[in-house]
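*Asks:* Handing you a structure now.
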């Protein structure tokens with residue numbers, strides 16, 4: 001039976017410098033989806049690569065004393081090296097300096113010009129070099145680039161333009177007919193309200209003020225501007241031919257099933273790219289998923305802030321699969337995620353070393369100790385087994401539904417909920433007690449078999465996220481990767497299977513060990529990673545606390561998604577592993593919940609008890625320093641970063657809603 005094709009891509013990475021962990025998140029995310037689809041039986045083609053042209057590259061190359069090609073060759077090798085380090089299973093790594101890509105971009109430009117979609121004119125406006133974007137004065141935000149906030153300068157030059165407005169109505173109709181084209185939905189609303197409804201302006205698609213780009217072959221003073229060049233990689237990488245018969249790869253895989261991109265470039269992928277494809281007479285990609293950002297301690301990563309974390313350094317300390325797991329698990333579907341060295345260490349210790357790794361090692365060790373390493377189901381079932389088996393056989397469908405919706409963190413959450421159930425099963429059955437009674441040896445064998453079978457099912461589903469660790473767990477129980485269409489069955493481990501000693505999956509570390517390893521990598525810094533990151537903020541940021549960046553507008557439906565209630569603090573204590581966290585027990589109506597808050601520098605536990613606070617009660621629970629936090633206590637923050645709790649003006653009962 002012929003497999004169904006599945007074409008998935010990342011945005012191509014700009015070769016201005018080494019990618020940080022926020023950039024690396026996208027490739028790991030896409031790899032997890034690609035691997036999951038392969039395990040489902042799809043014929044997957046996974047494409048990634050590098051975007052290598054533009055004025056910014058030309059300037060960086062000159063500053064480095066290199067030609068632009070020498071510069072991008074070095075950075076592209078560095079990017080590819082990090083992707084390979086992260087165990088990325090891409091099928092095609094395209095570079096926009098590839099000869100076949102450049103030839104097709106020229107052919108595409110010429111075709112669009114000849115059919116009247118591109119015309120020559122003159123551009124005059126404000127230009128942002130880092131973003132390589134022109135802006136009208138009305139589009140600027142406080143006189144600066146609305147995308148990156150940097151300075152802009154006046155620019156005027158001859159250029160070719162694409163008639164975007166010609167296709168605006170057709171694109172809006174496509175949005176209406178394909179409601180899941182842009183995910184999450186909030187990204188679609190932004191495109192419609194901020195760009196399509198106000199009216200699309202024609203797009204500059206060539207430049208004459210620099211030379212590092214693909215020449216327009218019929219007017220060589222011009223080079224093709226970044227987005228027409230970069231976006232075309234998704235079809236040129238399949239061998240698209242603008243002038244002739246399409247090849248087998250293009251016919252097989254286009255249209256793409258999904259473009260996985262960052263939310264900051266959603267406009268280019270959901271407005272410009274679909275319109276280019278319409279003009280070329282090609283079908284549009286089925287979906288565009290605009291993922292959120294990974295923030296460092298609540299701030300966007302940038303070299304100027306001094307808060308950049310790199311994947312290769314994290315791998316040295318925690319290992320590839322631990323880093324993969326963290327970025328996939330801690331990035332929400334729609335909201336930005338947060339990363340610090342301490343958060344990663346806490347997550348690795350709690351989830352990977354304890355919940356998963358310890359389950360595997362305990363089960364294997366007990367099987368070797370009590371049965372010489374041989375697994376066998378003696379048929380000695382008890383009622384407690386039924387819940388474990390039901391949860392195991394239902395797991396794939398739960399994970400599949402989350403993966404289909406690109407809710408990767410939630411998919412991992414389902415698997416780890418099952419792993420925690422397995423650990424609970426050990427506590428319920430107490431194998432060490434069964435081993436003391438010879439008459440219960442059959443029951444002991446069945447318990448260990450059930451655990452091993454559960455681990456094989458969970459590890460098969462974890463393979464897309466943590467390929468090496470999952471494979472090691474499977475090899476521990478001498479099992480191949482379990483076929484996904486068989487995961488609704490329990491008991492497929494062959495009787496008499498021999499358990500192997502493959503060692504621990506993950507190693508627990510104290511944060512002091514992490515600090516020591518970080519110091520060895522950065523001898524120029526004497527302080528711990530998290531403290532060092534804060535110390536490197538620009539002087540301007542040290543003097544005044546930056547105001548948070550809010551969306552320009554939200555609808556009432558967006559606000560209605562947040563459930564705010566009055567809560568009463570009934571107990572509070574400091575979190576031992578942190579100087580800034582308090583663990584609060586909050587009563588909301590008839591229920592109590594644990595909420596961890598970063599307010600220990602401003603409130604003592606004694607001050608907290610008895611206070612009425614405003615609480616977000618439908619926030620996804622998250623672990624902080626190993627404690628599950630079930631909400632968020634709201635505070636106001638002044639220019640110096642001081643916090644003040646929000647409380648109702650009058651005494652309101654706990655559980656009262658806030659509207």
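*Asks:* Do we find a residue being buried (at least 21 other Cβ atoms within 10 Å of the Cβ), more than 26 Å from the chain's Cα centre (by Cα) and modelled with pLDDT under 95 anywhere in the range 71-90?
*Replies:* There is no residue in the range 71-90 that is buried (at least 21 other Cβ atoms within 10 Å of the Cβ), more than 26 Å from the chain's Cα centre (by Cα) and modelled with pLDDT under 95.
*Asks:* Of everything in the range 483-504, what is at pLDDT 95 or above, part of a loop (DSSP other than H, G, I, E, B) and buried (at least 16 other Cβ atoms within 10 Å of the Cβ)? Give them in sequence order.
*Replies:* Within the range 483-504, 487, 490, 493, 497, 499 qualify.
*Asks:* Among the residues of the range 154-162, is there at least one that is in a strand (DSSP E or B), in contact (Cβ under 8 Å) with a residue 12 or more places away in the chain and either surrounded by fewer than 15 Cβ atoms within 10 Å (Cβ to Cβ) or out of contact with any strand residue (DSSP E or B) (no Cβ under 8 Å at 6 or more places or on another chain) (or both)?
*Replies:* Yes, that holds for at least one residue.
*Asks:* Could you list, in sequence order, the residues of the range 426-447 that are in contact (Cβ under 8 Å) with a residue 12 or more places away in the chain and not in a helix (DSSP H, G or I)?
*Replies:* 435
*Asks:* Moving to a separate point now. Considering every residue within the range 295-313, establish whether at least one is under 26 Å from residue 193 (Cβ atoms) and touching a helix residue (DSSP H, G or I) at 6+ places or on another chain (Cβ under 9 Å).
*Replies:* yes
*Asks:* Does the range 290-312 contain any residue that is more than 17 Å from the chain's Cα centre (by Cα), under 30 Å from residue 421 (Cβ atoms) and touching a residue at least 24 places away in the same chain (Cβ under 8 Å)?
*Replies:* Checked the range 290-312: no residue is more than 17 Å from the chain's Cα centre (by Cα), under 30 Å from residue 421 (Cβ atoms) and touching a residue at least 24 places away in the same chain (Cβ under 8 Å).
*Asks:* May I pose another question? Being closer than 30 Å to residue 189 by Cα and without any contact (Cβ under 8 Å) to a residue 60 or more places away in the chain narrows it down to one residue among 254, 227; which is it?
*Replies:* 227
*Asks:* Here's another thing I want to ask about it. crowded, with 21+ Cβ neighbours inside 10 Å, modelled with pLDDT of 95 or more, touching a strand residue (DSSP E or B) at 6+ places or on another chain (Cβ under 9 Å) and not in a helix (DSSP H, G or I), is that true of residue 256?
*Replies:* Taking the combined requirement at face value, the residue satisfies it.
*Asks:* Being over 17 Å from residue 256 (Cα atoms), touching a strand residue (DSSP E or B) at 6+ places or on another chain (Cβ under 6 Å) and part of a helix (DSSP H, G or I) is true for just one of 76, 61. Which residue is that?
*Replies:* Every option except 76 fails the conditions.
*Asks:* Taking the range 622-654 only, how many residues are modelled with pLDDT under 85, over 30 Å from residue 345 (Cα atoms) and surrounded by 12 or more Cβ atoms within 10 Å (Cβ to Cβ)?
*Replies:* 2
*Asks:* May I pose another question? What are the pairs with Cβ atoms under 6 angstrom where one residue, in the range 634-658, is on the phi < 0 side of the Ramachandran plot and the other, located anywhere, is surrounded by fewer than 10 Cβ atoms within 10 Å (Cβ to Cβ) and modelled with pLDDT of 85 or more? Sequence gap at least six, or different chains.
*Replies:* Going by the 6 Å Cβ cut-off, the qualifying pairs are 644/636.
*Asks:* Could you please find all residues in the range 213-231 being under 21 Å from residue 61 (Cα atoms), surrounded by fewer than 23 Cβ atoms within 10 Å (Cβ to Cβ) and touching a helix residue (DSSP H, G or I) at 6+ places or on another chain (Cβ under 6 Å)?
*Replies:* Within the range 213-231, 227 is the sole residue that qualifies.
*Asks:* From the list 338, 307, pick out the single residue that is outside any helix (DSSP H, G or I), buried (at least 20 other Cβ atoms within 10 Å of the Cβ) and in contact with a strand residue (DSSP E or B) (Cβ under 9 Å, 6 or more places away or on another chain).
*Replies:* 307
*Asks:* Evaluate the range 410-420: report whether one residue or more is closer than 30 Å to residue 261 by Cα, modelled with pLDDT of 95 or more, part of a helix (DSSP H, G or I) and out of contact with any helix residue (DSSP H, G or I) (no Cβ under 8 Å at 6 or more places or on another chain).
*Replies:* Yes, the range 410-420 contains at least one residue that is closer than 30 Å to residue 261 by Cα, modelled with pLDDT of 95 or more, part of a helix (DSSP H, G or I) and out of contact with any helix residue (DSSP H, G or I) (no Cβ under 8 Å at 6 or more places or on another chain).
*Asks:* Looking at 378, 364 in this structure, which one is more than 22 Å from residue 27 (Cα to Cα), assigned to a helix (DSSP H, G or I) and at pLDDT 95 or above?
*Replies:* 364
*Asks:* Scanning the range 131-147 for residues that are touching a strand residue (DSSP E or B) at 6+ places or on another chain (Cβ under 7 Å) and part of a strand (DSSP E or B), which turns out nearest to residue 226 (Cα to Cα)?
*Replies:* My answer is 134.
*Asks:* Sticking with this one: Mind telling me which of the residues 595, 588, 613, 566 ends up being closer than 19 Å to residue 343 by Cβ, at pLDDT 85 or above and crowded, with 18+ Cβ neighbours inside 10 Å?
*Replies:* Only one candidate qualifies: 595.
The values are calculated or read from the model by the stated rules, or taken from the named source; none is laboratory data. Just so it is clear, the model here is predicted, and its values are computed rather than measured. As a convention, Cβ positions derive from the backbone with ideal geometry for all residues, glycine included, and neighbour counts pool all protein chains shown.
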